[in-house]
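Quick notes on the structure that follows.
The values are calculated or read from the model by the stated rules, or taken from the named source; none is laboratory data. Here the structure is a predicted model, which is why all the values come from computation and not from measurement. A quick note on method: Cβ atoms are made from the backbone with ideal geometry, for glycine too, and the neighbour counts reach across all protein chains shown. These accessible areas exclude ligands, DNA and RNA; they are computed on the full protein's heavy atoms, side chains included. Shrake-Rupley method; radii C 1.70, N 1.55, O 1.52, S 1.80 Å.
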Amino acid sequence: MKKNRITKIILIVLGILVSLCLLAVLAWKVMPRDARMSLIKMLSRSQVVRDVAGAGVKETYNDKVRDESFEEESIAVTEEAEKKLTGYTNILLFGIDSRDSSFDQGTNSDSMIIVSINNDTGSIRMASVYRDTYLKLIGDSKGEVFRKANAAYARGGAVEAISTLNTNLDLNITDYVIVNFAGLSEIVDIFGGVDIHVSEREKELINSFSDNMADEAGLPAPAHLAAGGDVHLTGLQTTAFCRIRSAVFTDEDGREYHYDYGRTARQRYVMKRLMASAKTAGVTQLLSMADAVMNLNSEDRTVIRTSLSYDSIMDLVPYLIDYRMEGSTGFPYTLLGKDVEGDDAVVPCGLAYNVKELHRFLFDDESYAPSETVQTISEQIIARTGVGEKTLEAS
């Protein structure tokens with residue numbers, strides 16, 4: 001009799017739990033977006049939730065993915081940026097020109113994408129800094145050094161690269177994520193590939209690049225795309241797509257991009273497609289993908305690295321689950337390709353003007369005025385290159 005009563009109580013409790021789960025799912029479906037965001041934020045900030053979610057994960061994350069040697073205090077941030085950009089989380093994504101585990105200085109950064117998250121709305125905007133952009137490098141070297149932006153990583157790693165962008169663009173970036181060519185391919189495969197629209201010329205280049213990359217990595221030659229149009233790309237094919245510079249890229253709004261500007265636009269396009277895939281994935285699938293990404297690194301090789309702590313990742317959870325992609329752009333907006341000191345460079349037509357446009361795009365700041373530091377660097381670039389200011393209206 002007592003056993004039957006216990007069984008009945010257990011069934012009642014289970015019934016209540018199931019009902020509560022169904023009500024929670026229903027409430028989630030009908031709950032306004034702001035209320036959902038508040039709930040997710042509350043849960044992700046709960047230490048209990050973090051401890052439960054981090055059981056067996058935090059240690060692996062810190063050991064395999066996080067750059068424990070990264071010194072955030074060494075990052076240069078202008079005083080003006082610290083004051084003005086308190087409502088945003090800005091992270092720098094590096095794609096490095098490396099097919100092995102060379103993640104330290106000495107390797108050029110093949111791509112640099114600023115990801116800006118509005119902490120109040122959860123909206124995300126992206127801006128690619130063209131790798132050949134002529135800027136003042138901010139590092140430990142004596143004297144003033146002006147060179148292409150991608151040289152900053154080669155000279156001083158992530159610290160110098162971030163410091164250079166912060167100082168030249170009035171930003172407050174203190175964290176980064178780095179992925180190399182092999183890492184991008186494998187991450188895309190973990191996501192199950194990506195759906196992309198490609199032109200006939202892009203199709204030809206994807207097939208050619210994929211063959212070369214497979215040969216370099218000692219992998220079997222991938223299947224070739226038979227035709228352009230809407231296609232599903234593997235990780236290797238997606239990486240090949242991201243490296244194309246010699247074909248015109250047409251974005252979803254019909255804008256055309258050429259040369260390196262097209263390459264960076266392709267990279268942002270792929271990022272948007274991957275983020276869209278992650279957003280539609282279920283929680284179990286997302287956890288499985290996150291675990292797979294964390295375990296890409298091994299004692300023998302490194303394909304992904306980040307400065308973000310486990311708690312910082314948890315802080316980003318609400319935005320990654322319910323984000324809104326509000327646009328992407330390339331920087332600088334007005335530019336001139338020119339030989340500067342024997343090197344082909346992308347010269348901003350007025351750095352101060354272009355930084356003003358960047359802040360308008362990323363932060364909706366119509367009243368932003370470039371700092372004295374940016375104004376000085378802008379004048380120095382004009383004096384060194386002879387390239388004066390040019391506005392978008394005059395282009």
Extension gain from residue 278 to residue 86, taking 0.36 nm per residue of separation minus the Cα-Cα distance: 66.4 nm
Accessible area of residue 66 in the full protein assembly, 1.4 Å probe (Å², nearest 10): 70 Å²
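For the range 122-165, rounded, prolate or oblate, judged on the Cα gyration tensor with a ≥ b ≥ c (square roots of eigenvalues), a/c < 1.5 rounded, else prolate if a/b > b/c? Walk me through the numbers before you get to the answer.
Details: a/c = 2.62, a/b = 1.87, b/c = 1.40.
Here the range 122-165 falls in the prolate category.
At a 1.4 Å probe, what is the % contribution of carbon and sulfur to the accessible area of the range 227-317?
Details: 2250 of 4310 Å².
Accessible surface attributable to carbon and sulfur in the range 227-317 totals 52 percent.
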Förster radius 51 Å - calculated FRET efficiency between residue 344 and residue 299, Cβ distance, rounded to 0.05: 0.80
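What's the FRET efficiency of residue 76 with residue 336 using the Cβ-Cβ distance as r and R₀ = 25 Å, to the nearest 0.05? Intermediate results must be reported in sequence, preceding the final value.
Numbers: r = 27 Å, r/R0 = 1.08.
The pair residue 76/residue 336 has a calculated efficiency of 0.40.
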Charge context of residue 70, other residues only, Cβ under 11 angstrom, K/R +1, D/E -1: -4
Solvent exposure ordering (accessible area, 1.4 Å, most first) of 174, 133: 174, 133
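Starting from 0.36 nm per residue, how many nanometres of slack lie between residue 121 and residue 253 once their C-alpha separation is accounted for? Walk me through the numbers on the way to the answer.
Details: separation 132, 0.36 × 132 = 47.52 nm, distance 2.40 nm.
Difference between extended and current length: 45.1 nm.
Using r as the Cβ-Cβ distance of residue 379 and residue 290, and R0 as 45 Å, what FRET efficiency do you calculate, to the nearest 0.05?
Details: r = 46 Å, r/R0 = 1.02.
After rounding to 0.05, the efficiency reads 0.45.
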Extension gain (nm, one decimal) between residue 208 and residue 224, 0.36 nm per residue minus Cα-Cα: 4.9 nm
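Within 14 Å, Cβ to Cβ, of residue 391, how many net charges do the neighbouring residues add up to if Lys/Arg are +1 and Asp/Glu are -1?
Values: positive: 356, 360, 390; negative: 357, 389, 393.
Result for the local shell: 0.
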Carbon plus sulfur fraction of accessible area for the range 154-225, probe 1.4 Å, in percent: 55 percent
Computed accessible area, residue 159, all protein chains, 1.4 angstrom probe, square angstrom: 40 Å²
